[in-house]
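> Here it is, the structure, as structure tokens.
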Amino acid sequence: MSNFVAELKHRHGGRRSQPSSEVAEASVMLDLFQGLGVQSVSLTFTDDTGRKVAFMRNRSVESLHRELPSLLLTSCEKQLNVIVRPIAARALSLIQLDDLSASQLDRVRGFSFLVLETSPENFQAWVAVPDASPETIRRVKKAAGADLNASGATRLAGSYNFKSKYAPNYPRVRLHSIAPLHAVTIGQLDRAGRLDVSVLQPRRPGPRRQSTCAAQPHQPGQHRTDGDGRRRHGGRHVLTRRSDSTL
């Protein structure tokens, strides 16, 4: 793992770089997050099986901007995925809507500040919402039909999606649409029907459990005695004789 990081630093010093279009897309993506208050990210590099090869924690966005040319070149040559996890400002939630089809994307595009095409016709949208609770985030994901387990880490635009199923023609992660500084409120999402309501439906109460001390229902043929000494039999009252000891 350390060998890859060392080579990355060496490449950065040597100024070898990836084509400018790929670096430009990666740079724009970082700018979008930075404009919404993200100052640092964590980086993970994985191979085509998903195995983690290297990890870099809390890299400043500014330093990552400078390292993009060598980072994209090295990851491409070694066929490694570049995964970034933006660390959001405390007052802002960055909601990742992953694994969207084109029709699903149409419902959330207008609320998103970033849309990526991570593989052909497979999209990922990012929505910025002030102070969204975990429940609200789940409702947004569910309403969009997105992956509820998306972790908040995403592929870097300009890098390649190295999965064995795509070999040998690995797709490049592309910027699909952007809306700099665009954030929406919970109220806007609610009024547009972009919050799932099924999680708000009250649970139906289950059957009431009867206490073991509760009176058992009367069964036909059973005798019950009232307080006045009369015995019930079916629907009739039958007088019973009290013993002298009870008088």
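The values are calculated or read from the model by the stated rules, or taken from the named source; none is laboratory data. Computed from a predicted structure; not experimentally measured. Virtual Cβ from ideal backbone geometry, glycine too; neighbours counted across all protein chains shown.
Here's the yes/no breakdown for (1) buried (at least 16 other Cβ atoms within 10 Å of the Cβ); (2) modelled with pLDDT of 95 or more; (3) closer than 20 Å to ALA157 by Cα:
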residue	(1), (2), (3)
ASN3	no, no, no
LEU8	yes, no, yes
GLN18	yes, no, yes
SER21	no, no, yes
GLU25	yes, yes, yes
LEU30	yes, yes, yes
PHE33	yes, yes, yes
LEU36	yes, yes, yes
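> Restricting to segment 144-180, count the residues that are of a type in the set (S, T, N, Q), more than 20 Å from the chain's Cα centre (by Cα) and surrounded by fewer than 16 Cβ atoms within 10 Å (Cβ to Cβ).
Within segment 144-180, residues that are of a type in the set (S, T, N, Q), more than 20 Å from the chain's Cα centre (by Cα) and surrounded by fewer than 16 Cβ atoms within 10 Å (Cβ to Cβ) number 3.
> With respect to the numbered conditions (1) in a loop (DSSP other than H, G, I, E, B); (2) surrounded by 21 or more Cβ atoms within 10 Å (Cβ to Cβ), which one is the sole condition not fulfilled by ALA128?
(1)
> Mind checking which residues of segment 104-125 are in contact with a strand residue (DSSP E or B) (Cβ under 6 Å, 6 or more places away or on another chain), among the small types (Gly, Ala, Ser) and part of a strand (DSSP E or B)?
ALA125
> Let me ask something additional. Output the residue which, of all residues in segment 149-204 that are farther than 22 Å from LEU43 by Cβ and among the charged types (D, E, K, R), is modelled with the lowest pLDDT.
If we take residues in segment 149-204 being farther than 22 Å from LEU43 by Cβ and among the charged types (D, E, K, R), then ARG203 is modelled with the lowest pLDDT.
> Further, regarding this structure: Just need a number here: residues in segment 151-203 that are outside any loop (DSSP other than H, G, I, E, B) and of a type outside the set (Lys, Arg).
16
> Continuing with the same structure: Quick check on my filter: what residues within segment 117-156 are under 24 Å from ASP31 (Cα atoms), out of contact with any Leu (no Cβ under 9 Å at 6 or more places or on another chain) and of a type in the set (A, V, I, L, M, F, W, C)?
ILE137, ALA153
> Got a sec? Which of LEU43, LEU32, LEU71 is in a helix (DSSP H, G or I), touching a strand residue (DSSP E or B) at 6+ places or on another chain (Cβ under 6 Å) and among the aliphatic types (A, V, I, L, M)?
LEU32
> Continuing with this model, one more query. Here is a check on your reading of the model: is VAL140 crowded, with 22+ Cβ neighbours inside 10 Å and within 25 Å of GLY187 (Cα to Cα)?
Considered against the rule, which asks whether it is crowded, with 22+ Cβ neighbours inside 10 Å and within 25 Å of GLY187 (Cα to Cα), VAL140 comes out as yes.
> Can you give me the number of residues within segment 74-103 that are small (Gly, Ala, Ser), assigned to a helix (DSSP H, G or I) and either within 22 Å of GLU22 (Cα to Cα) or modelled with pLDDT under 95 (or both)?
1
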